[in-house]
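J.: Dropping a structure here in structure tokens format, bear with me for questions.
The values are calculated or read from the model by the stated rules, or taken from the named source; none is laboratory data. Only a predicted model underlies this, so the values are computations on that prediction, with no experimental measurement involved. Here Cβ is always computed from backbone atoms with ideal geometry, including for glycine, and neighbour counts include all displayed protein chains. SASA here: full protein model, heavy atoms, side chains in, ligands and nucleic acids out. Shrake-Rupley method; radii C 1.70, N 1.55, O 1.52, S 1.80 Å.
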Amino acid sequence: MLVLVVDSSTPAVTAALVEVTADGVATRAYRCTVDARAHGELLAPQVDAVLADVDARPADLGAIVAGLGPGPFTGLRVGLVTAATMGQVLGVPTYGVCSLDAVGHPAAVGEPVLAASDARRREIYWAVYDGAGQRIAGPEVSAPAVAAERARGLAVTVAVGDGAHRYADTLGLPVRAEPRYPDAGVLATLAAERIRAGAPGEALTPLYLRRPDAVAATARKPVLP
């Protein structure tokens, strides 16, 4: 089955086509551009590009997988709206995966790992994975020092992800070079069991973890003294 994968939870805007079979998941086309300010401009052309790479049409898709975040509001919603809209128009199921899982799961090889992405405001989105790659804490948003303390309590020995690179000194952990951003193939692999089983499509509920900066006013302000 041909599956579209999108993720816009980090500065890395990602679109990929993968083939999910009974034996595994194979990436057939991939686009990733790191630009924290251009999610809306980049994602749709990248979706078109990966389809063109394998001479496929949207109608050839059997499912869509999207990274649910956590991530900043503006960027994250681009990927989720794109996935949800395409799924509805094409009549194919959509499946969500925590984006941090696509960073921490492949990095946790026999030892607990902290996966972190940049949450701005001098904070990180983070989660902890055991040696088998299963998430055992998070996702949460906090100051890097708070995440570091929680990680030490869970015997974490290494960190990974863009947030870990940005705040390596505060975290006080060795930081692996890769993966830095969510990997599309891992997102698909984590959803593959649901895809193979033909599970019903899921609502793509974003993991914002905090309120957006812009909120509606709760009361009218007087304009006269």
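J.: Determine the shape class of the stretch 103-174: with a ≥ b ≥ c the square roots of the Cα gyration tensor eigenvalues, call it rounded for a/c under 1.5, and otherwise prolate if a/b is greater than b/c, oblate otherwise.
T.: Here the stretch 103-174 falls in the prolate category.
J.: If you don't mind, another one. For the chain, what does the alpha-carbon gyration tensor say about shape, rounded, prolate or oblate, given a ≥ b ≥ c as the root eigenvalues, a/c under 1.5 as rounded, and a/b over b/c as prolate?
T.: Oblate is the answer for the chain, as a/c is 1.5 or above yet b/c matches or exceeds a/b.
J.: Which one, Ser142, Leu61, Pro45, is farthest towards the positive end of the dipole of the chain when Lys and Arg carry +1 and Asp and Glu -1 on their Cβ?
T.: Ser142
J.: What nm distance separates the two modelled labels at Thr85 and Thr27, each placed 7 Å from Cα along Cα→Cβ?
T.: 2.6 nm
J.: What number, in percent, do you get for the relative contact order of the chain if the mean sequence gap of Cα pairs under 8 Å and at least 6 apart is divided by its residue count?
T.: Relative contact order for the chain comes out at 21 percent.
J.: With charges set only on the Cβ (+1 for Lys and Arg, -1 for Asp and Glu), what does the dipole of the chain come to about its Cα centre, in debye to the nearest 20?
T.: 900 debye
J.: Sticking with this structure for a sec: How big is the equivalent ellipsoid of the stretch 1-135 along its three axes, where each semi-axis is √(5λ) from the Cα gyration tensor, reported in whole Å from largest to smallest?
T.: Value: 25, 19, 12 Å, ordered largest first.
J.: For Glu19 and Val146 in one chain, what is 0.36 nm times their gap in residues minus the Cα-Cα distance, to one decimal in nm?
T.: Going from the current span to full extension adds 41.8 nm.
J.: Moving to a separate point now. Name the helices (complete DSSP H segments) of the chain with a Cα length along the long axis of 24 Å or more and a Kyte-Doolittle mean of at least -0.5, or state none.
T.: Qualifying helices, which must be both long enough and hydrophobic enough, are 73-90.
J.: Something else about it: Using helices alone, I'd like the mean residue ellipticity at 222 nm for the chain: each DSSP H run of four-plus residues gives -39500 (n - 2.57), total over residue count, nearest 500.
T.: Using -39500 (n - 2.57) per qualifying helix, the result is -9500 deg cm²/dmol.
J.: According to the square roots a ≥ b ≥ c of the eigenvalues of the Cα gyration tensor, what is the shape class of the stretch 48-94, taking rounded for a/c under 1.5, prolate for a/b larger than b/c otherwise, and oblate for the remainder?
T.: Prolate shape, in that a/c is at least 1.5 and a/b is the bigger ratio.
J.: Computed over the Cα atoms of the stretch 1-80, what is the convex hull's projected area averaged over all directions, in nm²?
T.: Result: 5.0 nm².
J.: Over the stretch 133-194, what per residue volume does the convex hull of the Cα atoms give, in whole Å³?
T.: 96 Å³
J.: Probe radius 1.4 Å, ligands and nucleic acids ignored: give me the carbon and sulfur share of the accessible area of the chain as a rounded percent.
T.: Answer for the chain: carbon and sulfur cover 53 percent of the accessible area.
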